[in-house]
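Data first, discussion second: the structure below is written as structure tokens.
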Amino acid sequence: MKVYNTLSGKKEEFVPIEEGKVSMYVCGPTVYNLIHIGNARPMIIFDTVRRYMEHKGYEVNYVSNFTDVDDKIIKAAIEEGVDASVISERYIKECKKDMEGMNVRPATIHPKATEEIDGMIEMIQTLIDKDFAYAAKDGTVYFRTRRFDEYGKLSHKNLDDLRAGNRSLKVTGEDQKEDPLDFVLWKPKKEGEPYWESPWCEGRPGWHIECSVMSKKYLGESIDIHAGGEDLVFPHHENEIAQSEACNGKMFAKYWLHNAFLNIDNKKMSKSLGNFFTVRDISEKYDLQVLRFFMLSAHYRMPLNFSAELMEAAKNSLERIVNAADNLKYLINNSKREDITEEEQVLLNKTADFKEEFDAAMDDDFNTADAITAIFNLVKHINLNSDVNNSKSYLKGLLTELSGLCDILGLIVDKKEELLDADIEKLIEERTAARKAKDYKRSDEIRDELLNKGIVLEDTREGVKWHRA
Ligand code: AMP
Ligand code: ZN
């Protein structure tokens, strides 16, 4: 299996530190809002990497954090007049709901920054003791970047170029850095912000230190894979390497994987341009399986453009796979024969070719686009070679092969009769109108129809609320 390592800038053979095991850390979202479809890209991609590793027989320990202390969370909390934890807990819950919809499996563990402060203080203290960090007069602690000789090795930047190329990198007087390249490990609290006691001041950690600490605590000092979006290469991951390797005196992560960005209509996704979708927005129009399929239809290191046309195309393509599976189920139910014939066995054995094609694509730095092509080749083979005269065993064999490959990509091939949020809202509106018109028969009918599909309605003082049963 070959993986592209940002550290070496090359595809390398994947050899884990410990045979048969993979330790993997994926930087997770800052939880101050519903996650957007850009955040969904690394979630889906690295969940697929994990699934493929497991398919290859590795035992995968997968850690992904929630950044639950940050300026944006604090700002949202102040605006709503609530505690920062109210905001972060709310959006962690919503994020998990979105993950479930996209069939992104929960990590082995999802640590939260606010629950790991002691570990962060300990690592910062070690860095100070080793002279890799220093506390300024106001209690801010900085990492002494120039003391880490290998700084820049991940982003392939040279310290002097960095300094020359970035005018904002200067000592401003507001900060008390020894050098403009030094970055914050701990900062003093401001009025109204959450804070923790520390040897330097009451305050809170910088962002970078949290991943170094959580990765070490849950996966050990040296791990196999560290991953995230490409915007994290510099400075976040570069700083994580500096902190961890300076502290532990050991290689931090062997392979660094980064997904390229998701753009919208060929433009950078941004709130100010108004071209911004949350995963929840998409779920009102599509089953989130379609979003997953869409993300996997391109190689993860290629920029991916999101547009209504491309989502429609993804929906149609996924439907072709789901229909093939659905058709097989129909044939299994209607076939009159149990046992597989020799001729059928030959056709069933032929599916190994598509599995090989699939594995070869995934072994080549997780080329999910080519892996999907292999699935379509299998679908063609199935459509050409299955009808009601085939035996049940043969048809079941085909279905197992198809759902097996889809499952590695996290694609569910069961046909869902499930209603989309937008359809539910429409029916609720119709029910409210029926009740107003005193047409209780129709309003009860709608309630029952929704209940049959697993949607429970609640009449409250603020109006009708609904949830999935
Ligand atoms: P954040 O909450 O901004 O820290 O982002 C969480 C994860 O989403 C990180 O791995 C980011 O690199 C990734 N990410 C953010 N925006 C995009 C985007 N437009 N395309 C792909 N990945 C993104
Ligand atoms: Zn991180």
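The values are calculated or read from the model by the stated rules, or taken from the named source; none is laboratory data. Please read these numbers as outputs of a predicted model, since none were measured by experiment. All Cβ positions, glycine included, derive from the backbone under ideal geometry; neighbour counts span all protein chains shown. Note: areas computed on protein heavy atoms with side chains; ligands, DNA, RNA excluded. Shrake-Rupley method; radii C 1.70, N 1.55, O 1.52, S 1.80 Å.
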Task: Filtered residue count, the range 71-97, keeping only those that are farther than 21 Å from Tyr195 by Cβ and of a type in the set (Asp, Glu) - done: 1
- [ ] For the range 81-90, indicate whether the set of residues that are touching a helix residue (DSSP H, G or I) at 6+ places or on another chain (Cβ under 6 Å), within 14 Å of ligand 1 (Cβ to nearest atom) and at pLDDT 95 or above is non-empty.
- [x] yes
Open item on the list: I'm told Ala352 meets every condition in (1) surrounded by 15 or more Cβ atoms within 10 Å (Cβ to Cβ); (2) outside any loop (DSSP other than H, G, I, E, B); (3) among the small types (Gly, Ala, Ser) except one. Can you identify the failing condition by its number?
Closed with: (1)
Open item on the list: Need the failing condition index for Arg280 against (1) surrounded by fewer than 16 Cβ atoms within 10 Å (Cβ to Cβ); (2) over 18 Å from Tyr52 (Cβ atoms), just the number.
Closed with: (1)
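When you go through Lys75, Lys56, Lys96 one by one, which is the residue that is under 12 Å from the mean Cα position of the chain (by Cα) and either over 21 Å from Ser283 (Cβ atoms) or assigned by TED's automatic domain parsing to the domain that holds Ile209 (or both)? So that I can check it myself, show each step before the final result.
On the way: Lys75 fails: under 12 Å from the mean Cα position of the chain (by Cα); Lys56 fails: under 12 Å from the mean Cα position of the chain (by Cα).
Matching residue, one of Lys75, Lys56, Lys96: Lys96.
Consider Tyr52 carefully, then state whether it is farther than 30 Å from Lys75 by Cβ, within 16 Å of ligand 2 (Cβ to nearest atom) and open to solvent by less than 20 Å² (accessible area, probe 1.4 Å). Before you say what the answer is, go through the steps one by one.
Details: farther than 30 Å from Lys75 by Cβ: yes; within 16 Å of ligand 2 (Cβ to nearest atom): no; open to solvent by less than 20 Å² (accessible area, probe 1.4 Å): yes.
No, not satisfied.
Hey, could you check the range 394-431 for residues that are among the hydroxyl-bearing types (Ser, Thr, Tyr) and in contact with a helix residue (DSSP H, G or I) (Cβ under 8 Å, 6 or more places away or on another chain) and say which is surrounded by the most Cβ atoms within 10 Å (Cβ to Cβ)?
Step one: of the range 394-431, the residues among the hydroxyl-bearing types (Ser, Thr, Tyr) are 394, 400, 403.
With the extra rule that they be in contact with a helix residue (DSSP H, G or I) (Cβ under 8 Å, 6 or more places away or on another chain), the set shrinks to 394, 403.
Details: Tyr394: 24, Ser403: 16.
Here the answer is Tyr394.
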- [ ] Mind telling me which of the residues Tyr300, Tyr218 ends up being surrounded by 24 or more Cβ atoms within 10 Å (Cβ to Cβ), of a type in the set (Phe, Trp, Tyr) and within 19 Å of the chain's Cα centre (by Cα)?
- [x] Tyr300
- [ ] Determine which member of the set Ile78, Ile74 is within 16 Å of ligand 1 (Cβ to nearest atom), farther than 23 Å from Arg105 by Cβ, out of contact with any strand residue (DSSP E or B) (no Cβ under 8 Å at 6 or more places or on another chain) and part of a helix (DSSP H, G or I).
- [x] Ile74
Task: First in the range 243-254 and farther than 13 Å from Asp129 by Cβ, second anywhere and β-branched (Val, Ile, Thr) and open to solvent by less than 60 Å² (accessible area, probe 1.4 Å), Cβ under 8 Å, 6 or more apart - done: Gln243/Ile209; Phe252/Ile223; Phe252/Ile241; Ala253/Ile223; Ala253/Ile225; Ala253/Ile241; Lys254/Ile223; Lys254/Ile225
Open item on the list: Arg105 - would you say it is in a loop (DSSP other than H, G, I, E, B) and touching a strand residue (DSSP E or B) at 6+ places or on another chain (Cβ under 9 Å)?
Closed with: yes
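Quick grid of which residues meet (1) at pLDDT below 95; (2) within 30 Å of Ala374 (Cβ to Cβ); (3) within 13 Å of ligand 2 (Cβ to nearest atom):
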{"position": "Ser198", "(1), (2), (3)": "no, no, no"}
{"position": "Arg204", "(1), (2), (3)": "no, no, no"}
{"position": "Cys211", "(1), (2), (3)": "no, no, yes"}
{"position": "Gly220", "(1), (2), (3)": "no, no, no"}
{"position": "Ile241", "(1), (2), (3)": "no, no, yes"}
{"position": "Phe276", "(1), (2), (3)": "yes, no, no"}
{"position": "Leu291", "(1), (2), (3)": "no, yes, no"}
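May I ask you to list the residues in the range 297-341 that are in a loop (DSSP other than H, G, I, E, B) and closer than 19 Å to Gly38 by Cα?
Matches in the range 297-341: Ser297, Ala298, His299, Tyr300, Arg301, Met302, Pro303, Ser307.
Residues are listed down the side, and each one gets a yes or a no for (1) open to solvent by less than 10 Å² (accessible area, probe 1.4 Å); (2) within 30 Å of Asp365 (Cβ to Cβ):
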{"residue": "Lys190", "(1), (2)": "no, no"}
{"residue": "Gly206", "(1), (2)": "yes, no"}
{"residue": "Cys211", "(1), (2)": "yes, yes"}
{"residue": "Met214", "(1), (2)": "yes, yes"}
{"residue": "Ser222", "(1), (2)": "no, yes"}
{"residue": "Glu230", "(1), (2)": "no, yes"}
{"residue": "Val233", "(1), (2)": "no, yes"}
{"residue": "Trp256", "(1), (2)": "yes, yes"}
{"residue": "Asp265", "(1), (2)": "no, yes"}
TODO: Quick one: Lys268 ticks every box in (1) closer than 28 Å to Ser317 by Cβ; (2) modelled with pLDDT of 95 or more except a single one, so which number is it?
DONE: (2)
Open item on the list: If I go through the range 111-142 residue by residue, how many of them are outside any helix (DSSP H, G or I) and closer than 15 Å to Cys211 by Cα?
Closed with: 3
- [ ] Say whether the condition of being surrounded by fewer than 21 Cβ atoms within 10 Å (Cβ to Cβ) and of a type in the set (Asp, Glu) is met by at least one residue in the range 28-47.
- [x] no
Task: Every residue from the range 63-93 that is touching a residue at least 60 places away in the same chain (Cβ under 8 Å) and within 16 Å of ligand 2 (Cβ to nearest atom) - done: Val63, Asn65, Thr67, Val69, Asp70
Open item on the list: Restricting to the range 432-452, give me the number of residues that are surrounded by 15 or more Cβ atoms within 10 Å (Cβ to Cβ) and closer than 30 Å to Asn323 by Cβ.
Closed with: 2
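Mind checking whether some residue in the range 237-244 is open to solvent by 50 Å² or more (accessible area, probe 1.4 Å), within 13 Å of ligand 1 (Cβ to nearest atom) and either of a type outside the set (Lys, Arg) or more than 13 Å from Ala40 (Cα to Cα) (or both)?
For the range 237-244, residues open to solvent by 50 Å² or more (accessible area, probe 1.4 Å), within 13 Å of ligand 1 (Cβ to nearest atom) and either of a type outside the set (Lys, Arg) or more than 13 Å from Ala40 (Cα to Cα) (or both): absent.
If only one of Asn349, Asn334, Asn275, Asn316 is within 30 Å of Ser391 (Cβ to Cβ), of a type in the set (S, T, N, Q) and free of Cβ contacts under 8 Å to residues at least 12 places away in the same chain, which one is it? It would help to see each step written out before you state the result.
Working: Asn334 fails: free of Cβ contacts under 8 Å to residues at least 12 places away in the same chain; Asn275 fails: within 30 Å of Ser391 (Cβ to Cβ); Asn316 fails: within 30 Å of Ser391 (Cβ to Cβ).
On inspection, the qualifying residue turns out to be Asn349.
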